[in-house]
Amino acid sequence: MTTIFSGIKPTGDLTLGNYLGAISRWVRVDQHRADAFFSVVDLHALTVEHEPARIRRLSRRTATLLLAAGLDPQVCALFVQSHVDEHTRLSYLLECVATDGELRRMIQYREKSARARESGEGVRFSLLSYPALMAADILAYRTDEVPVGEDQRQHVELTRDLAVRFNQRYGETFTVPRATAPPVAARVMDLQDPTGKMGKSHADGAGIVYLLDDLDTVRRKVMRAVTDSGRDVVYDRAARPGVANLLDILAACRADLAAGAGAGGGGGGSDPAALAASYDSYGALKRDVADAVVGVLRPLQERYARLAADPGAVEAVLRAGAGRARAVARPVVDAAYAAVGLLPAR
Ligand code: AMP
Ligand code: TRP
């Protein structure tokens, strides 16, 4: 059986980008076809300045939203990273396999460390070592596939390099994983700045649809999306990024709705280039995008409200998920400790 692992940081409220770029596929496809592990990777949220109360709140909210989106704890393991010690245990070994040079080459490190330096904050050492922890997340489960958005591919490539290097030096221990990406909307762009990704950590929310935004706000944000000069609706990501983003969002929402209705997804009207041909104005396109996004978010928000009213039940799900995760990760990490020459503790 294939094993899948993916994680999401509790650093902000989840956006439509997180949903269409990642969560939708975890729910619709991944959890049903594999041994699937999904983690709220809270330790990764500590690599930049953070407020303890906010991390706590966002960790709970993120887990609750993942359940509301349809992750089924009977089918997959949903857990909080810091509840399973094996991640940090393995991370150290991988820091001993990674080189300073390859960690410094990571695009995310370069961007985030430059930002931290500009704002006069120190650059936390954990920001540099972050990919070793992410590699540990993945390798501890002998993961085959890592469904992530494009921005995470480089980290998964590094994970592969570390797995291969470890196996060569110390004997076959890890499965070499690969990144998998959704066919459309691998990168949902900001509605106000379609050249930048819709990210949950942005300050200004006008171009960002949050999963818990009230539905009138969602509609308004879509209707006010920046479009390109020109009037005809064509799908051209380079020359018409605003319209292409709307078409991507429409296609991805339709695929999600079709999959939710049991139609298997992918079919009926979910190719962005083909969709372009059925519009002759930006206004009509935006109205349909708004309807599709609201159609996806309404049931999700209803389930969220029910789950959030019973936090004890969500905690029980997370505890059980951590138990399942630990049972798989522990022997793998023990094997890695033994392989590098550490004496067994048990
Ligand atoms: P993050 O928000 O960076 O913790 O990302 C969580 C997951 O959502 C990762 O798999 C990201 O690649 C994905 N993701 C985040 N933002 C977007 C976006 N705007 N478009 C597509 N995928 C995204
Ligand atoms: N680094 C990922 C992000 O910023 C989150 C993450 C942490 C992750 N560990 C992971 C994703 C393991 C996939 C697999 O989005």
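Quote to one decimal, in nm, the extra length available between A309 and S229 on full extension: 0.36 nm per residue of separation minus the C-alpha distance between them.
The A309-S229 span can extend by a further 24.2 nm.
Around T15, which amide H atoms from residues at least 5 apart in sequence, or from another chain, sit under 5 Å from its own amide H, with H modelled in the peptide plane?
Under 5 Å from the amide H of T15 lie the amide H atoms of L211, each far enough along the sequence or on another chain.
On average, how much accessible surface per residue is there in the chain, in Å², for a 1.4 Å probe, leaving out ligands, DNA and RNA?
Normalised by residue count, the accessible surface of the chain is 45 Å².
For the chain, what's the relative contact order in percent, using C-alpha pairs closer than 8 Å and at least 6 residues apart?
22 percent
R0 = 25 Å: FRET efficiency of D236 with R115, Cβ-based, nearest 0.05?
Approximately 0.25, to the nearest 0.05.
Which sequence of K197, K221, K112 reflects their accessible areas, 1.4 Å probe, from the largest down?
So, going from the largest accessible area down, we get K197, K112, K221.
To the nearest 20 debye, what is the magnitude of the charge dipole of segment 215-307 about its Cα centre, counting +1 on the Cβ of each Lys and Arg and -1 on the Cβ of each Asp and Glu?
The calculated dipole for segment 215-307 is roughly 400 debye.
Along the charge dipole of the chain, which of A284, H155, C96 sits closest to the positive end, that is, farthest toward it, with unit charges on the beta carbon of Lys, Arg, Asp and Glu (+1, +1, -1, -1)?
Sorting the options by dipole projection puts first C96.
In nm, what is the difference between 0.36 nm times the number of residues separating R105 and T217 and their Cα-Cα distance?
36.4 nm
Peptides 90-101, 19-30: what's the order by average Cβ count within 10 Å, highest mean first?
Those peptides, ordered most packed to least, come out 19-30, 90-101.
So what are the radius of gyration and Dmax for the Cα set of the chain, in Å?
Using the Cα atoms of the chain, the pair Rg, Dmax is 20.6, 69 Å.
Compute the acute angle (0 to 90°) between the alpha-carbon long axis of helix 311-339 and the principal axis of greatest extent of the alpha-carbon atoms of the chain; round to the nearest 10°.
Result, in degrees: 50.
Can you compute the radius of gyration and Dmax for segment 238-326, using only the Cα atoms, both in Å?
Rg, Dmax (Cα atoms, Å): 17.9, 54.
Rounded to the nearest 5, what is the percent of antiparallel bridges among the DSSP beta bridges in the chain?
The answer is about 10 percent antiparallel.
Can you give the alpha-carbon Rg of segment 101-234 over 2.2 N^0.38 Å, where N counts its residues?
1.34
Modelled label-to-label distance, T180 and R57, 7 Å Cα→beta-carbon offset: nm?
3.6 nm
How much accessible surface area, in Å² rounded to 10, belongs to the heavy atoms of V226 with a 1.4 Å probe?
Estimated to the nearest 10 Å², V226 gives 60 Å².
At a 1.4 Å probe radius, carbon and sulfur cover how many percent of the accessible area of the chain?
The value for the chain is 51 percent carbon and sulfur by accessible area.
The values are calculated or read from the model by the stated rules, or taken from the named source; none is laboratory data. Fair warning: this is a prediction, and the values are worked out from it, not measured in the lab. Using ideal geometry, Cβ is built from the backbone for each residue, glycine included, and neighbour counts are taken over all protein chains shown. Note: accessible area is taken over every heavy atom of the protein model, side chains too, but ligands, DNA and RNA are not part of it. Shrake-Rupley method; radii C 1.70, N 1.55, O 1.52, S 1.80 Å.
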